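Asker: I have a structure here, written as structure tokens, and I will follow up with some questions on it.
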Amino acid sequence: MRKLEISLGCCDYDRTRAIFDGRVQIDGCEVAATPVEPEEAFHRAFKYQEFDISELSLSSYTLQVARGENHYVAIPAFVSRLFRHSGIYIRTDRGISRPRI
């Protein structure tokens, strides 16, 4: 039987690398995996519906659903659980030496 050809757009994380390098297969599918940074995947998925499977921004997806414009079905697979505010910068001329309330 011929395999279903599907496209995947997401970042090449340690949690997705096995799909990219072929160690993990999706039964019955031939996966064309495209490594893209999250912001690029979001843009290409929402603007062009370019991928069959894509990493998406939860907030952008929620907005699309609310507008009735969604082209994807969400599944709870969190491939990049990161604290997004990992870089906070403080001007050195303000006398701030540590965080406090």
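The values are calculated or read from the model by the stated rules, or taken from the named source; none is laboratory data. Note that the coordinates shown come from a computational prediction; the quantities given were computed from them, not determined experimentally. No Cβ is skipped: glycine too gets one built from the backbone with ideal geometry, and neighbour counts run over all protein chains shown. Keep in mind that these areas ignore ligands, DNA and RNA; they rest on the heavy atoms of the full protein, side chains included. Shrake-Rupley method; radii C 1.70, N 1.55, O 1.52, S 1.80 Å.
Asker: Taking 7 Å along the Cα-to-C-beta vector as the label spot, tell me the A77-A18 distance in nanometres, rounded to one decimal.
Answerer: If labels sit at A77 and A18, their model points lie 1.2 nm apart.
Asker: Moving to a separate point now. What spacing in nm lies between the two simple spin-label points modelled at I96 and H43, each 7 Å away from Cα in the Cβ direction?
Answerer: Label-label distance for I96 and H43, simple model: 2.9 nm.
Asker: Then there is this: What are the ³J(HN,Hα) couplings of region 38-52, residue after residue, when phi is run through the Karplus curve with 6.51, -1.76, 1.60 and θ = phi - 60°? Round to Hz, x for glycine and proline.
Answerer: Whole-Hz 3J(HN,Hα) from phi for region 38-52: x, 4, 5, 4, 4, 4, 5, 5, 6, 7, 10, 6, 6, 10, 6.
Asker: OK, next. May I ask you to give the average projected area over all directions of the convex hull of the Cα atoms of region 9-48, in nm² rounded to one decimal?
Answerer: Averaged projected area of region 9-48's Cα convex hull equals 3.1 nm².
Asker: For the chain, take the longest principal axis of its alpha carbons; what is the angle in degrees between that and the long axis of helix 58-67, to the nearest 10 within 0 to 90?
Answerer: For 58-67 against the chain, the angle is about 70 degrees.
Asker: Using modelled backbone amide H atoms (1.01 Å from N, in-plane), which distant-in-sequence or interchain residues come within less than 5 Å of D12's amide H?
Answerer: The answer is V36.
Asker: Shifting gears a bit: Taking the solvent-accessible surface of protein heavy atoms with a 1.4 Å probe, what is the per residue accessible area of the chain in Å²?
Answerer: Per residue, the chain has 83 Å² of solvent-accessible surface.
Asker: Restricting everything to alpha-carbon atoms, can you work out Rg to Rh for region 8-101 with a Kirkwood hydrodynamic radius?
Answerer: 1.13
Asker: Also, I was wondering about something else. For a quick check: with amide H placed at 1.01 Å from N, whose amide H comes under 5 Å from S54's, ignoring anything fewer than 5 positions away on the same chain?
Answerer: Sorted by chain and number, the residues that satisfy this are G9.
Asker: Continuing with this model, one more query. Could you give the length gained by full extension between R67 and I6, i.e. 0.36 nm per residue of separation minus their alpha carbon distance, to one decimal place?
Answerer: 19.3 nm
Asker: 222 nm [θ] for the chain, helices only, -39500 (n - 2.57) per DSSP H run of 4+, per residue, to 500?
Answerer: Calculated from helices alone, the mean residue ellipticity at 222 nm is -7000 deg cm²/dmol.
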